[in-house]
Amino acid sequence: MTKLTQHFTLEEFHSPRDPNPIPGWAIARLRSVARALEVIRLRFPGRALRITSGFRPEWLQRQVNPKVTNSQHSAATAADFVVDGISPTELWRTIRLLIVLGKLPRIKGLGWYGPQVGPPKRHVHGDERGTKGLVTWSNVAGAPPGPKVMPTFQVRGEAAIYIQVGRTLHKVEDARQLGTLRRLRWAGPKGSQRVLANRRALAAERAKLAA
């Protein structure tokens, strides 16, 4: 096996429908995608992040989706993936938050494929296309829910804010990042924040969300 990063191999990006090995020019690009997946994986400790589709040569892309002629999968800059036990909506929101926080600067394409597609295709798509801004889309109009009010927590006496996305609390320490989040309404309106007495209470909140 060819290791791209600590937890991802080149073989995970290879389609079982492709009889040929992944070409050499694609390896560096896929390694960059794998690094982004490592960042996402860290947000879901104890859960496996599985790549459902990686590199597709152009002939295979024409079979999978002939309407898309410039697929990022064929450019070796994309992956479709799932996290065990996490819904596509929660996964999408978490990645969106990571992008806002600057943790995934190379991810410029983010797609959501929900339950209407059927269990085999419930996944999130991420890619490193060359656009300046983020491009998002969904297989269902109006989904997933865009930036919305999220519960926030703060430990008394500490400056950091914890934003709840699904079953995960994300720590935000930089005031400039928090300003961006508020403009997008991630942090919620005034009064939605709960102030916890101490870090033990924060640990209890984490345990409750993980249960």
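Computed from the coordinates by the stated procedures, all read-outs in this text should not be read as laboratory data. Keep in mind that this is a model prediction, so the values were computed, not measured. Glycine also receives a Cβ, built like all others from the backbone with ideal geometry; neighbour counts cover every protein chain displayed.
Brief remarks on what is shown
- Ordered by the count of other Cβ atoms within 10 Å of each Cβ, fewest first, L169, L104 give L169, L104.
- With eigenvalues of the C-alpha gyration tensor scaled by 5 and rooted, region 1-117, Å: 23, 17, 14
- Legend: distances between Cα atoms for K3/K108; K67/K132; K3/K171; K3/K103; K108/K208; pairs beyond 26 Å are K3/K171; K108/K208.
- Rounded tilt (10° steps) of 88-100 against the dominant C-alpha axis of the chain: 80 degrees
- Calculated over the chain: convex hull of Cα atoms, volume per residue (Å³): 137 Å³
- Taking M1, M150 and counting other C-beta atoms within 10 Å, the order from fewest to most: M1, M150
- Length gained when the stretch R206-S32 is fully extended (0.36 nm per residue, less Cα-Cα span): 59.6 nm
- Length released on extending from W137 to N198, taking residue separation times 0.36 nm less the Cα-Cα span: 18.0 nm
- Helix-only CD estimate at 222 nm, as mean residue ellipticity for the chain, using -39500 (n - 2.57) per DSSP H run (n ≥ 4): -9000 deg cm²/dmol
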